[in-house]
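What follows is one structure encoded as structure tokens, with my remarks underneath.
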Amino acid sequence: MSLVDSAKDEILALVDGALLDFKNIKSDDWNAKPNPIKWSKKELLGHLIDSASNNLRRLIVAQYEQGTKIVYDQDKWVCYQGYQEMSIDHVITLWDLLNRQLALVISRIPQNKLDNTCDTGLGKAEVHSLVYFIEEYIVHLKYHLKQVRQDLSSRA
């Protein structure tokens, strides 16, 4: 199986599994902040929306432009998007749809474009290939989904 096909399948499986688990998270738990400067579960999911949005742009643009600079400040994105004030149903729906779109775009990347690059450095060059972005996105997604799911097993 090719990288793009396996990545697509893995992202979709992660999304489907998370959606089932999200039904077990209470509204208060989505909104609770561990401390004033830490993100709530809802904001963590919002951060994953921002990550999907930025990676979607990188994966598309880098197919037709080499080395384009596409950066984002994760704290500002979460703050400016206002996820904490949004309905959790809307946040979940947006996260679900963006990840499904990201999986589709990944599955359509031609093999000869996977080494194309994009620069993500804030203030300095940090050039990475599309392969890197695909693999890193999955690692990042798993890491934050684990945080969102934290404390679910202790309630069973």
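Each reported figure results from applying straightforward, stated rules to the coordinates on display, with no laboratory input. Quick caveat, the model's predicted, so the values are computed rather than measured. Backbone-built Cβ (ideal geometry, glycine too); neighbour counts: all protein chains shown.
Between 0 and 90 degrees, the angle of helix 41-64 with respect to the longest Cα principal axis of the chain falls at about 10 degrees.
For THR117, the residues whose amide H sits under 5 Å from its own are GLY67, ignoring neighbours fewer than 5 places away on the same chain, with H placed 1.01 Å from N.
In whole Å, how far is the Cα centre of region 103-149 from that of region 36-74? Using only Cα atoms, the two centres lie 10 Å from each other.
Put simply, region 80-138 fits an ellipsoid with semi-axes of 27, 18, 7 Å; these come from the alpha carbon gyration tensor as the roots of five times its eigenvalues, largest first.
A helix-only calculation puts the chain at -20500 deg cm²/dmol for mean residue ellipticity at 222 nm, using -39500 (n - 2.57) for each DSSP H run of at least four residues, averaged over all residues. When you count the other C-beta atoms within 10 angstrom of each residue and take the mean per peptide, 28-41, 130-143 line up highest first as 130-143, 28-41.
Modelled label positions at TYR80 and GLU136, each set 7 Å beyond Cα in the direction of Cβ, lie 2.0 nm from each other. Among the listed pairs LYS23/LYS113; LYS33/LYS76; LYS41/LYS76; LYS33/LYS124; LYS26/LYS142, those with a Cα-Cα distance over 28 Å are LYS23/LYS113; LYS33/LYS124. Applying Stokes-Einstein at 10 °C and 1.306 mPa s to the Kirkwood radius of the chain, computed over alpha-carbon pairs, gives a translational diffusion coefficient of 97 µm² s⁻¹.
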